[in-house]
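This report refers to the structure that appears directly beneath it.
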Amino acid sequence: MSDLLDNKEEAEKAIMAWLEKKTKSKSKFYLKDFYSIFPDDKPRMIKKVVNNMVTEGVLEYWSSGSTTMYGIKGAGKQSHSEGED
């Protein structure tokens, strides 16, 4: 994949397949973790695809205040405790 934005749907499928395989061991990932899926593409293009998936509601951000991670929306321990008072 030389240009992720031209083939956005395939890029999103590849990201979801990678995440579904990896979420057995952990649920949140750094942006740089996604770089291994597309070694020939620039980090900026990968970030655009991942951020677009967040906008579409497929993925979600998680932030500790000093770092931002990404995961499948609704997956992981953190998502179960958010929103509870």
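Miscellaneous remarks
- Here the relative contact order of the range 8-74, from alpha carbon pairs under 8 Å that lie six or more residues apart, stands at 34 percent.
- Cα gyration tensor, the range 8-74 - rounded (a/c under 1.5), prolate or oblate: rounded
- Ranked by how many other beta carbons lie within 10 Å on average, peptides 43-49, 60-66 from highest: 43-49, 60-66
- Listed by chain and number, the lysines whose C-alpha is less than 18 Å from the C-alpha of K47, apart from same-chain residues fewer than 8 away, are K8, K13, K28, K32, K73.
A short reminder: the numbers here are calculations on the coordinates, not readings from a lab. Worth saying up front: this structure is predicted, and the values here are computed from it rather than measured. Neighbour counts are summed over all protein chains in view; Cβ atoms, including those assigned to glycine, are modelled from backbone coordinates with ideal geometry.
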